[in-house]
Amino acid sequence: MNLVYPSYKYLQSYQEAFDEYNEHNVDTYKFDDINTVDVVKKWSNYRKGINLKPNRVAQTTYWLVDGDRFIGEIGIRHELNEFLLQYGGHIGYGIRYSCWGKGYGTKMLSLALKKAKRMGLEKVLITCNNDNFASAKVIENNNGKLEDIIENTIDGKTIQTRRYWIEL
């Protein structure tokens, strides 16, 4: 099991993860639909800071794979803007639904923190919704220290956001 750059080799398995999220109405993280987005090109561009949407920052994205199976996706943002400081942080991730509760999130974040350190980050901010207890546990299992819980308005909804810092 390791982190790799997004690759066409894993696209079918990635699409299966996308379908699992849709089937189970998961909206805390979004995988892309490979029928509408070239995800390999998208994440390559993000890594290089090319063709970013407004208010987005460069990001290095990795896929956690086990053999030929896509397990999850994790992105390390190279810097924080004002929005990311409140919601999103340096790192965002999602584990395919069928792999929830099996320790993959904790492992994936652990591997990504090593990469973030090699990228030159000294500490990272990671956020999650206050009611996302599984994500909070993943962060805390990786030495995340809760700074605060704040309110954010996302897509017209007010949500409570946990903000954690991890020293690298």
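The values are calculated or read from the model by the stated rules, or taken from the named source; none is laboratory data. All figures in this text were calculated on a predicted structure; none of them were measured in a lab. All Cβ positions, even for glycine, are placed from backbone atoms using ideal geometry, and neighbour counts span all protein chains on display. Note: areas computed on protein heavy atoms with side chains; ligands, DNA, RNA excluded. Shrake-Rupley method; radii C 1.70, N 1.55, O 1.52, S 1.80 Å.
Tabulated values for the structure
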{"quantity": "Rg over Rh [alpha-carbon atoms, Kirkwood Rh] for region 86-135", "calculated": "0.98"}
{"quantity": "Inter-centroid distance (Cα atoms) of region 110-151 relative to region 1-57, Å", "calculated": "21"}
{"quantity": "Residue among Lys123, Lys107, Lys157 with the largest mean-square fluctuation in a Gaussian network model of the chain, springs linking Cα atoms under 10 Å", "calculated": "Lys157"}
{"quantity": "Of all accessible heavy-atom area on the chain, the percent that carbon and sulfur account for (1.4 Å)", "calculated": "46"}
{"quantity": "The chain: relative contact order in percent, alpha carbon pairs under 8 Å with at least 6 residues between", "calculated": "19"}
{"quantity": "For region 29-43, Karplus couplings with θ = phi - 60° (6.51, -1.76, 1.60), whole Hz, Gly/Pro x", "calculated": "8, 10, 7, 8, 7, 5, 7, 10, 9, 7, 5, 5, 5, 4, 6"}
{"quantity": "Net charge dipole size for the chain [Lys, Arg +1 and Asp, Glu -1 on Cβ; Debye, nearest 20]", "calculated": "700"}
{"quantity": "Leu168 long-range amide H proximity, modeled H, under 5 Å", "calculated": "Lys123, Val124"}
{"quantity": "Probe 1.4 Å, accessible area per residue of the chain, Å²", "calculated": "55"}
{"quantity": "Residue among Leu125, Leu64, Leu111 with the largest mean-square fluctuation in a Gaussian network model of the chain, springs linking Cα atoms under 10 Å", "calculated": "Leu111"}
{"quantity": "Computed [θ] at 222 nm, deg cm²/dmol, the chain (DSSP H ≥ 4; -39,500 (n - 2.57); rounded to nearest 500)", "calculated": "-9000 deg cm²/dmol"}
